[in-house]
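K.L.:
Can you keep this structure in mind? I'll have questions shortly.
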Amino acid sequence: MWSALAVPLVGSDNRIGPVTFLRQTLAVAEAELRKLRHDPMELVTRAVQPMLWLLIFGHVFTRVRDIPTGGLRYLDFLAPGILAQSVLFIAIFYGISVIWERDLGILHKVLVSPASRVALVLGKALSAGGRGLSQAALVYGLALLMGIDMRLGPGAVAGVGVFVVLGAAVFASMSLAVACLVKTRERFMGMGQVMTMPLFFASNAIYPVSLMPGWLKAIAAMNPLTYEVDALRALMIQGGQSLYGLGVDLAVSLGVLAVLVLLVARLYPRIVI
């Protein structure tokens, strides 16, 4: 009965069941998260950017009355977008760790382990979600101090956590795909910069889709960040509404993640060549 869900192992024709696959994925994610113990300052430095956006950009643009925010104050409208932006900025440079692992010889050992390549990639992608959750805690605390009208029910907070982890996993997978293709740290950093701004500004993070010209609306509709922000806005903010529906937001996030993980699993061995 498990054959339909079985996943091929690296360098083997054997197949594993979903329980083993889940165990491998969680083991990879846990190993990646342990790295934070050696560099806790990463979380502190990552806190600066959302603080600047909310405290400076948010307070300036809240004076602009012509932005249609659906009855929300602009600061309330902005907070979910800044959380999504923080998750994006953490995850989009995640692939550089794979390049470091290759240069140190670690990646060669990982690839000959009995773990599925899909589990390796998915575990790394989900570990980015742990960093994303730390950003969510920061944004929640800052938003409450600023008087933003937050939903604090357990269901809403849990839903935010789900979409933060999914969003981080999507963009970390995208980052891993780029790392497999460019292979050098210098080129990767350049590609990361190229991807970050278009993803951010071609979304509904800091202004609604209704303000965009038609061509930009089409791009925003293909941007996974748009659906993450849409879900976060509905779950985080009192009076916030989802433009597409939470079901669509979840389906798009899961679908994009599945495609990217499978793609990176095929590309992964190329990074050592």
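The values are calculated or read from the model by the stated rules, or taken from the named source; none is laboratory data. Quantities reported herein were computed from a predicted structural model and do not represent experimental measurements. Note that we place each Cβ from the backbone using ideal geometry, even for glycine, and neighbour counts take in every protein chain shown.
K.L.:
Name the single residue that is modelled with the highest pLDDT among those in the stretch 46-55 being part of a helix (DSSP H, G or I) and closer than 22 Å to Ala169 by Cβ.
P.N.:
Per the stated criteria, the residue is Pro50.
K.L.:
Test Tyr227 against the stated conditions and say whether it is in a helix (DSSP H, G or I), in contact with an Asp or Glu (Cβ under 6 Å, 6 or more places away or on another chain) and aromatic (Phe, Trp, Tyr).
P.N.:
The answer is yes for Tyr227.
K.L.:
Could you list all residues from the stretch 116-161 that are within 21 Å of Val19 (Cα to Cα) and of a type outside the set (Gly, Ala, Ser)?
P.N.:
Passing the criteria: Arg117, Val118, Leu120, Val121, Leu122, Lys124, Leu126.
K.L.:
Would you be able to tell me the number of residues in the stretch 59-90 that are surrounded by fewer than 16 Cβ atoms within 10 Å (Cβ to Cβ) and at pLDDT 85 or above?
P.N.:
Within the stretch 59-90, residues that are surrounded by fewer than 16 Cβ atoms within 10 Å (Cβ to Cβ) and at pLDDT 85 or above number 0.
K.L.:
Scan the stretch 217-231 for residues that are in contact (Cβ under 8 Å) with a residue 60 or more places away in the chain and aliphatic (A, V, I, L, M) and jot them down.
P.N.:
Answer for the stretch 217-231, where residues must be in contact (Cβ under 8 Å) with a residue 60 or more places away in the chain and aliphatic (A, V, I, L, M): Leu225, Val229, Ala231.
K.L.:
If a residue has to be under 19 Å from Lys124 (Cβ atoms) and at pLDDT 80 or above to count, how many in the stretch 19-45 make the cut?
P.N.:
Result for the stretch 19-45: 11.
K.L.:
Return the pairs, sorted by first residue and then second, in which the second residue is surrounded by 18 or more Cβ atoms within 10 Å (Cβ to Cβ) and part of a loop (DSSP other than H, G, I, E, B), the first residue lies in the stretch 237-264 and is at positive phi, the beta carbons are less than 9 Å apart, and the residues are 6+ apart or on different chains.
P.N.:
Gly239/Leu72
K.L.:
Among Ala115, Ala119, which is assigned to a loop (DSSP other than H, G, I, E, B), among the hydrophobic types (A, V, I, L, M, F, W, C), closer than 17 Å to Glu30 by Cα and out of contact with any Cys (no Cβ under 8 Å at 6 or more places or on another chain)?
P.N.:
Selected residue: Ala115, the only one of Ala115, Ala119 that is assigned to a loop (DSSP other than H, G, I, E, B), among the hydrophobic types (A, V, I, L, M, F, W, C), closer than 17 Å to Glu30 by Cα and out of contact with any Cys (no Cβ under 8 Å at 6 or more places or on another chain).
K.L.:
Is at least one residue of the stretch 261-270 farther than 23 Å from Gly70 by Cβ, part of a helix (DSSP H, G or I) and among the basic types (Lys, Arg)?
P.N.:
yes
K.L.:
Is the stretch 202-212 home to any residue that is in a helix (DSSP H, G or I) and without any contact (Cβ under 8 Å) to a residue 24 or more places away in the chain?
P.N.:
There is no residue in the stretch 202-212 that is in a helix (DSSP H, G or I) and without any contact (Cβ under 8 Å) to a residue 24 or more places away in the chain.
K.L.:
Same structure again: Out of everything in the stretch 192-241 that is closer than 21 Å to Leu133 by Cβ and more than 15 Å from the chain's Cα centre (by Cα), what residue ends up being surrounded by the most Cβ atoms within 10 Å (Cβ to Cβ)?
P.N.:
Arg233
K.L.:
I would also like to ask the following. Among (1) touching a Phe, Trp or Tyr at 6+ places or on another chain (Cβ under 7 Å); (2) at pLDDT below 95; (3) farther than 22 Å from Phe57 by Cβ; (4) not small (Gly, Ala, Ser), which single condition is Pro154 missing?
P.N.:
Every listed condition holds for Pro154 apart from (1).
K.L.:
Are any residues in the stretch 230-245 touching a Phe, Trp or Tyr at 6+ places or on another chain (Cβ under 9 Å) and in a helix (DSSP H, G or I), and if so, which ones?
P.N.:
The answer is Asp230, Ala231, Leu232, Arg233, Leu235, Met236.
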